[in-house]
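No value in this document is a laboratory result; all are computed from the given coordinates. If you're wondering where the values come from, they're calculated on a predicted model, not measured in any experiment. Neighbour counts are summed over all protein chains in view; Cβ atoms, including those assigned to glycine, are modelled from backbone coordinates with ideal geometry.
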4 protein chains.
Amino acid sequence: MVVVMKPDFTPDQLKAAIEAMEAGGVRVMVSKGSETTILGAEGNASGVDQERIVMLPGVDRVMRVTEPFKKSNRKYHPDDSVIALGDGVAIGGNKLCVIAGPCSVETPEQIVGVAKAVKAAGASALRGGAFKPRTSPYSFQGMGLDGIRLLQEARAVTGLPIVTEIMSTEHLDIFEASVDVIQVGARNMQNFDLLKRLGKTTKPILLKRGLSSTIEEWLMSAEYIMAGGNHQVILCERGIRTFETYTRNTLDLSAVLAVKKLSHLPVVVDPSHACGMAWMVERMALAAVAAGADGLIIEVHNDPQNALCDGPQSITPEQFSALMPKLSAIAGCVGRSV
Amino acid sequence: MVVVMKPDFTPDQLKAAIEAMEAGGVRVMVSKGSETTILGAEGNASGVDQERIVMLPGVDRVMRVTEPFKKSNRKYHPDDSVIALGDGVAIGGNKLCVIAGPCSVETPEQIVGVAKAVKAAGASALRGGAFKPRTSPYSFQGMGLDGIRLLQEARAVTGLPIVTEIMSTEHLDIFEASVDVIQVGARNMQNFDLLKRLGKTTKPILLKRGLSSTIEEWLMSAEYIMAGGNHQVILCERGIRTFETYTRNTLDLSAVLAVKKLSHLPVVVDPSHACGMAWMVERMALAAVAAGADGLIIEVHNDPQNALCDGPQSITPEQFSALMPKLSAIAGCVGRSV
Amino acid sequence: MVVVMKPDFTPDQLKAAIEAMEAGGVRVMVSKGSETTILGAEGNASGVDQERIVMLPGVDRVMRVTEPFKKSNRKYHPDDSVIALGDGVAIGGNKLCVIAGPCSVETPEQIVGVAKAVKAAGASALRGGAFKPRTSPYSFQGMGLDGIRLLQEARAVTGLPIVTEIMSTEHLDIFEASVDVIQVGARNMQNFDLLKRLGKTTKPILLKRGLSSTIEEWLMSAEYIMAGGNHQVILCERGIRTFETYTRNTLDLSAVLAVKKLSHLPVVVDPSHACGMAWMVERMALAAVAAGADGLIIEVHNDPQNALCDGPQSITPEQFSALMPKLSAIAGCVGRSV
Amino acid sequence: MVVVMKPDFTPDQLKAAIEAMEAGGVRVMVSKGSETTILGAEGNASGVDQERIVMLPGVDRVMRVTEPFKKSNRKYHPDDSVIALGDGVAIGGNKLCVIAGPCSVETPEQIVGVAKAVKAAGASALRGGAFKPRTSPYSFQGMGLDGIRLLQEARAVTGLPIVTEIMSTEHLDIFEASVDVIQVGARNMQNFDLLKRLGKTTKPILLKRGLSSTIEEWLMSAEYIMAGGNHQVILCERGIRTFETYTRNTLDLSAVLAVKKLSHLPVVVDPSHACGMAWMVERMALAAVAAGADGLIIEVHNDPQNALCDGPQSITPEQFSALMPKLSAIAGCVGRSV
């Protein structure tokens, strides 16, 4: 922690700032620059309230020097976390984890059919939305609990672990009992009530990055879950909101690198939601693997033309089958396998 | 609804696109431009699924021409909505509504003291956080239900309606029974489960704009509440996330004008959260009133230096008292009163 | 200047970092935190190359504590700069400076007519584009030097100082000889070749903020002009680029406050370009004055319907006349006059 | 072109809008929706002034349906453009073009040494800055014309074509006579005076995307150059400005896909400037090739620790040599070679 004094601070103000820092349990080193005097905290600064210091007369600003995330921080957990999804599937190790499936669960035939197809092509897990976060209250909101049951059916047939989004804390028990990975959507990334509850479950959590969330905020949301006791957090980069409107969002692949450096948690990339256009999915999936993602989550629909949701960004099972060997080739170039 | 064909569409593709539109219940007008052929829908296009049309071969894109928000749309409700907060206080009429109080409720003395002070200065309602959405799980999370009780105490003493944020659907009954206005924070603006539940309550909802929410998305979140039956929605502009880091967020005052044109709902401005610095609050509050806001929500703390949360952006009761006559003067210039 | 060491730095690395800092002419204070060790520079750190230090082994990052702008910095020039535009008009003092006129100069009748009208309504200076920065090479590019001559004619008739944009260093002599204020457009804010040349002229420079320019970058561009010897820089906030598309840009009124605090230079606001819609101009102009702007620059056209450029954001002379007394009233509320 | 009428338009307003469109040379089709009436232009709409139509009473908005870029548009030039840089090097074909070299030219030993090293590792061209666009007027501004001479020396030794940035139209003749590819920096992407002049040169232009430039604006800047007669434009994605501050900019790899679809021009990616950190360069370079870039431009410095500019984002010749076979492997996976 570093405190920068205003140019015209008085000796009394300096004294008060030092005392306030010392009251938080640190010793203080004073460095007088030609224009600026700074105070450095020596010892454990976690007891010093930064907001109070910054308001002291004569203080210009306070700069944090330690990262606020702890359990998700690679500094205290240098090895990559590998998270088991069930049925022998894991994420975070050398083998990439490819999660595929439709935006929404629609019918038994659709979800079981897609599940079989993506399993045959080499997918590791099945995604499918039962509860859908839609911008409009007048849009299809998902099949709800019936959708969960259909996902379980698809799992029974294929053995694929299932990944689906939770939107209400009321469904926590059902999700815990029924699904393999609980997804938190981008719009709920800072729904702290939900995050705290998920910290008490025993299932892996796939935490999507919020639309305008910084990397630090994203890791702090992971921290909410981990602070509750559940350390099985999978991060998912799915595009951020920028001024560019050609794509639905802007896929931030450098965030994969940043997060892998800052944290030990595995990271998957969702090219479908990031771009919003099926024709971009293949190339952005390949780029994500080249960048170092631990996995992908891809929307696959048997009949995108008639999908109830997000058809334009869904690829077909045939396209997914054609993609998998290409992913495998790229993975090989960066020392990984699919 | 307008469908733009690709430059090289075939007659069969045109025919298929027209049939798909007609299947949705509209007649179709074809306009052949020198480079582009477009199809216009005649009649009620709400039955046409835009996502399906956009995926048809030969179709380049689909452009929406009607706004997706209905109940919040000024087109169908030309007069300004005026929403009663209780105790004779209303928002949306000629008189501005100034909501003031601390970021967090901390002690009985603090909240009752601030309530008395802002009441004396002319505030219309009291704000105070009992449940706090904090980026870090290690930060003070608010007093919870005890905070609600202290707010009720402050109301009992001053008669000011109370405004406080909800973070969990589990607290809906208590909020409905205890508070006058239920606030939805920026981070929960698209927590659709929460919005749907609030649509079934009888209390006014203060809906903050999400950090990276477009004006249309914000109105669609209002629509979620209104579609449930609760039409008492107050919009709150509190700054958006941009590349600029000098201020915590960038206050978007043109959004006040935009929303007042598109919607009949009242709009308040929160200069405290937008800027994050107490010294900016007065001027941005004056600017908000000049721009046409229906009210303000301002953080006032008796001892910002020792506030448990957001001290740096809180003004003191003395500063608030000094602000009110200035607000009143500006309001007079634009035909309103405080 | 503060250097933060990596958690696992070695004694040799610490020694090397200290030596590198000392080689830049400072003494170094070492503060050992529980997690982080920091080095504070004591003395004048301007000789220390930050980029070199940050690459040293064992160094995590370098934090700057002094602002990089000097001549534009209020610290070294506490009083507001007042800049004379000619003909007794000044900007930066108690009296607001309202600059008005069409986007483009089109005909003698148009520019002289508008000049007379805005003069009669109380404008202090005339704006008008002769060289136009257009996104498309196929759009009207302005009248060029003929436009400059028409502006001079309008000045001869009305006595209003003229403000117009320069786009090429080739025109520097003509601009210096012909106009009163040379405008640098948002797209050229970091055209450093142009800025350096303007530093050698004797005319006031109106420097628009770049579309995605931070406040610091904006002041650094002012610094380029001032470092060349020309201290007459007027800053102009004209909206920044954000994710919101309802308005052309997002007017950032908190930037006015920020810049007035950081710098002694005067700041004007351009609500016309910021919003891109004539109906928003009045309210955003009032808000800008309430926020503390030193002036406004407003597009006024005698026949917006037939303007060659930016008609939709131009107000009429009648609307401008109606606006001026309102501006005057708001100015009065914040201790200023028009 | 589509004109959307306001809900409450009058028959006279409809008539006037139709006449105004017809005056621009098109026939007009009227589609009456249940809520909205739209007018479609039939024929060549380029003669219709969109800004005038949008201001007509009763008109709500005008939607463009054709792209404003023509010469850079793939619609009118379906095949990929392949641009020769000299010495048998080309960009846009099957073989990737890797441009490498230091941020700034510093000494003969440095630039010739780096040129030899990157040539040996397989680079196709040499980059090096002689004129440097620096945020601060107090930073090193480049060696200027001496730097150009050193680049020529490096070309004489290695045979590599040279790429360097122009900052002033005064240097056009020298650049045309001395360098192989003229670079336009991100900050000058909308310096239209410069773009027009470059349209009259005979050299390939490497046009960097502006920090907050949309894909359409970027192509319109290419259009400025091409409209002048010079069709040899190479686009360069180098990261955009977003709210995220961990990286210097946010590399937008989906823009590569978008631009390749919209335009026939080749696209290179600059991972060094995008990320600002040397350790990210390798992975982002691999990702760029996987995404479909036609080439890369990478900062390589023999002694990053002592570079005069941008050392932290420069990789060493050794790191570059290690990168090339990895690029080659990824290129092979997507059907290309290095």
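Computed FRET efficiency, Cβ-Cβ of D:Ala177 and D:Asn306, R0 35 Å: what is it to the nearest 0.05?
Between D:Ala177 and D:Asn306 the formula returns 0.65.
Over 27 Å between Cα atoms: which of A:Lys208/B:Lys208; D:Lys6/D:Lys70; B:Lys70/D:Lys70 fall into that group?
Table pairs above 27 Å Cα-Cα are D:Lys6/D:Lys70; B:Lys70/D:Lys70.
So the label point sits 7 Å from Cα along the Cα-to-Cβ vector; using that for C:Pro11, what distances do you get to the other copies, in nanometres, sorted shortest first?
3.8, 9.0, 9.7
How far apart, in nm, are two points set 7 Å out from the Cα along the Cα-to-Cβ line at B:His77 and at A:Glu19?
5.6 nm
Please list the non-local residues whose amide H lies under 5 Å from the amide H of C:Val28, H modeled 1.01 Å from N, same-chain partners needing a gap of 5 or more.
Here the answer is C:Glu42, since their amide H atoms fall under 5 Å of that of C:Val28.
Dipole magnitude of the protein assembly as shown about its Cα centre, charges +1 at Lys/Arg Cβ and -1 at Asp/Glu Cβ only, in debye to the nearest 20?
Magnitude of the dipole: close to 0 debye.
Taking θ = phi - 60°, what integer Hz values does the Karplus form 6.51 cos²θ - 1.76 cosθ + 1.60 yield along the stretch A:233-243, in sequence order, with x for Gly and Pro?
Rounded to whole hertz, the list is 10, 10, 8, 9, 7, 9, x, 10, 8, 9, 6.
If one computes the Cα centroid of the stretch D:134-164 and of the stretch C:187-266, what distance in Å separates the two points?
That distance is 29 Å.
So in the stretch A:74-333, what percent of DSSP beta bridges are antiparallel if you round to the nearest 5?
Of those bridges, close to 15 percent are antiparallel.
What number comes out for the charge environment of D:Ile215, summing +1 per Lys or Arg and -1 per Asp or Glu over other residues with Cβ under 12 Å away?
-3
Can you divide the C-alpha Rg of the stretch C:51-141 by 2.2 N^0.38 Å and report the result to two decimal places?
1.85
Farthest toward the dipole's positive end in chain A, which of A:Thr164, A:Gly276, A:Val233, given Cβ charges of +1 (Lys, Arg) and -1 (Asp, Glu) about the Cα centre?
Toward the positive end, the furthest listed residue is A:Val233.
Going by amide H atoms built from the backbone, whose H comes under 5 Å of the H on A:Ile240, apart from near neighbours?
HN-HN under 5 Å from A:Ile240: A:Thr250, A:Leu251, A:Asp252.
In degrees from 0 to 90, rounded to the nearest 10, what is the angle of the helix C:278-291 Cα long axis to the longest principal axis of chain C?
Taking Cα atoms only, the helix is inclined about 50 degrees.
Using only alpha carbons, build the gyration tensor for the stretch B:151-232 and give me the equivalent ellipsoid semi-axes, biggest first, whole Å.
23, 13, 11
Between A:Arg61 and B:Arg64, what is the spin-label point distance in nm, taking each point 7 Å from the Cα along the Cα→C-beta axis?
It works out to 3.9 nm between the two label points.
If you rotate chain C onto chain D, whose Cβ in C ends up lying nearest the axis, and how many Å away is it?
Closest to the axis: C:Ser212, 2.
Using the Kirkwood radius built from alpha carbon pairs, what does the Stokes-Einstein equation give as D for chain C at 20 °C and 1.002 mPa s, in µm² per second?
So the translational diffusion coefficient is about 99 µm²/s.
Give me D:Leu308, D:Leu198, A:Leu253 sorted ascending by neighbouring Cβ count inside 10 Å, so fewest comes first.
Fewest to most other Cβ atoms nearby, the residues stand as D:Leu308, D:Leu198, A:Leu253.
Quick one: Karplus J couplings for the stretch D:187-204, per residue in order, coefficients 6.51, -1.76, 1.60, θ = phi - 60°, nearest Hz, x for Gly and Pro?
Once rounded to whole Hz, the list reads 6, 9, 4, 10, 7, 5, 4, 5, 4, 4, 5, 5, x, 9, 8, 10, 9, x.
With a 10 Å cut-off between alpha carbons and a GNM built on chain A, which of A:His273, A:His301, A:His171 moves the most?
In the Gaussian network model the winner is A:His171.
Summing Lys, Arg as +1 and Asp, Glu as -1, what charge do residues with Cβ under 11 Å from the Cβ of D:Gly147 carry, D:Gly147 excluded?
With Lys, Arg at +1 and Asp, Glu at -1, the neighbours total -2.
Label-to-label distances across copies for B:Asp173, with labels 7 Å out along Cα→Cβ, in nm, shortest first?
So the distances to the same position in the other copies read 1.6, 8.6, 8.8 nm.
What size of dipole, in debye to the nearest 20, comes out for chain B about its Cα centre when the only charges are +1 on Lys and Arg C-beta atoms and -1 on Asp and Glu C-beta atoms?
400 debye
Once both axes come from the Cα atoms, what is the angle between helix B:11-23 and the longest principal axis of chain B, in degrees from 0 to 90, rounded to 10?
Computed tilt is about 50 degrees.
Any chance you could get the radius of gyration and Dmax over the Cα atoms of the stretch D:122-259, in Å?
So, for the stretch D:122-259, Rg and Dmax equal 15.2, 44 Å respectively.
Expressed as a whole number of Å, what is the distance separating the alpha-carbon centroids of the stretch B:51-67 and the stretch C:281-338?
So the separation of the two Cα centres works out to 40 Å.
Under 10 Å, Cα contacts only: if you run a Gaussian network model on chain A, which one of A:Ser328, A:Ser31, A:Ser254 comes out with the highest mean-square fluctuation?
Highest fluctuation among the options: A:Ser31.
Given 37 °C and 0.692 mPa s, how large is the Stokes-Einstein diffusion coefficient of the stretch D:230-320 in µm²/s, with Rh as the Kirkwood radius over Cα pairs?
Estimated diffusion coefficient is 241 µm²/s.
How high is the relative contact order of chain D, in percent, counting Cα pairs under 8 Å that sit 6 or more residues apart?
For chain D, the relative contact order is 16 percent.
Any idea what the relative contact order of the stretch B:2-63 is, in percent, if you count C-alpha pairs under 8 Å spaced at least 6 apart?
48 percent
Within 10 Å of each Cβ in A:214-223, how many Cβ atoms from other chains are there, averaged over the peptide?
Counting Cβ atoms of other protein chains within 10 Å of each residue's Cβ and averaging gives 3.
Principal axes first, then extents: for the Cα atoms of the stretch C:2-63, list largest minus smallest coordinate on each axis, whole Å, largest first.
Computed over the stretch C:2-63, the largest-to-smallest principal extents equal 28, 19, 19 Å.
For chain D, with a Gaussian network of springs between Cα atoms less than 10 Å apart, report the residue from D:Ser321, D:Ser46, D:Ser263 with the top mean-square fluctuation.
D:Ser46
May I have the pair-distance distribution P(r) for the protein assembly as shown, computed from all Cα-Cα distances with 10 Å bins from 0 and rounded to whole percent?
So the P(r) values, bin by bin, are 2, 8, 16, 22, 23, 18, 9, 2, 0.
Just want the ordering: B:Asp173, B:Asp60, B:Asp180, from fewest to most Cβ atoms lying within 10 Å of their own Cβ.
If I rank by nearby Cβ atoms, fewest first, I get B:Asp173, B:Asp60, B:Asp180.
Considering Cα pairs under 8 angstrom that are at least six residues apart, work out the relative contact order of the stretch D:267-312 and quote it in whole percent.
Contact order relative to length: 43 percent.
Between D:Lys6 and A:Ala156, what is the label-to-label distance in nm when each label sits 7 Å out along the Cα-to-Cβ direction?
Those two pseudo-labels are separated by 6.0 nm.
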